[in-house]
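Presented below is the structure to which this report refers.
The values are calculated or read from the model by the stated rules, or taken from the named source; none is laboratory data. None of these values were measured; they are calculated from a predicted model. Positions of Cβ are backbone-derived with ideal geometry, glycine not excepted, and every protein chain shown enters the neighbour counts.
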Amino acid sequence: MDKKINDFLPLSQATFYILLSLREVRHGYAIMQDIEEISRGEVTMGPGTLYGALGKLEKQKVIIKAEVDEGDRRKYYQLTELGKKILQLEYKRLESLVENAHEIMKELESEGN
């Protein structure tokens, strides 16, 4: 592997949600629907953005095409072990950001009142 895992971070919002969606094998349209659902409607992704990102992630070996029914013409994707590690690291990174900011944000909010 020529890239270190940390070289992938930070992830864009779109990439983070794509990787979250691929917690199970999905095809493109199902990924778009799942992203909208898990983001509670905050993120909607068009096909151009999605397929551009999927192509890049596949080249980077973060995801791979999954084998499914031969009769189904849709392309299905799944996370690789690398993809799972990247997602876990990004989650920890974001969690740390929120934890580190928590007390400061509480102070700022109380100053505003």
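For the reader, a short list of remarks on this structure follows.
- Residue among Ser21, Ser39, Ser12 that alone is surrounded by fewer than 11 Cβ atoms within 10 Å (Cβ to Cβ) and of a type in the set (Gly, Ala, Ser): Ser12
- When Leu79 is tested against (1) under 11 Å from the mean Cα position of the chain (by Cα); (2) free of Cβ contacts under 8 Å to residues at least 24 places away in the same chain, only condition (2) is not met.
- Selection count where residues are buried (at least 19 other Cβ atoms within 10 Å of the Cβ) and under 24 Å from Arg93 (Cα atoms), scope the range 24-33: 1
- Residue, nearest to Gly28 (Cα to Cα), within the range 66-87, restricted to residues that are surrounded by 13 or more Cβ atoms within 10 Å (Cβ to Cβ) and among the charged types (D, E, K, R): Lys75
- Tyr17 being hydroxyl-bearing (Ser, Thr, Tyr), in contact with a Leu (Cβ under 7 Å, 6 or more places away or on another chain) and closer than 19 Å to Glu90 by Cβ: no
- Residue check for Glu58: acidic (Asp, Glu), assigned to a helix (DSSP H, G or I) and either surrounded by 13 or more Cβ atoms within 10 Å (Cβ to Cβ) or modelled with pLDDT of 95 or more (or both): yes
Okay, residues lined up against (1) acidic (Asp, Glu); (2) more than 25 Å from Leu97 (Cα to Cα):
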| residue | (1), (2) |
| --- | --- |
| Ile5 | no, no |
| Leu19 | no, no |
| Tyr29 | no, yes |
| Gly48 | no, yes |
| Gly52 | no, yes |
| Val62 | no, no |
| Asp69 | yes, yes |
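- Gln88 in a strand (DSSP E or B) and out of contact with any helix residue (DSSP H, G or I) (no Cβ under 8 Å at 6 or more places or on another chain): no
- Residue in the range 88-104 that is in contact with a strand residue (DSSP E or B) (Cβ under 7 Å, 6 or more places away or on another chain), under 18 Å from Ser12 (Cβ atoms) and either surrounded by 10 or more Cβ atoms within 10 Å (Cβ to Cβ) or at pLDDT below 95 (or both) present: no
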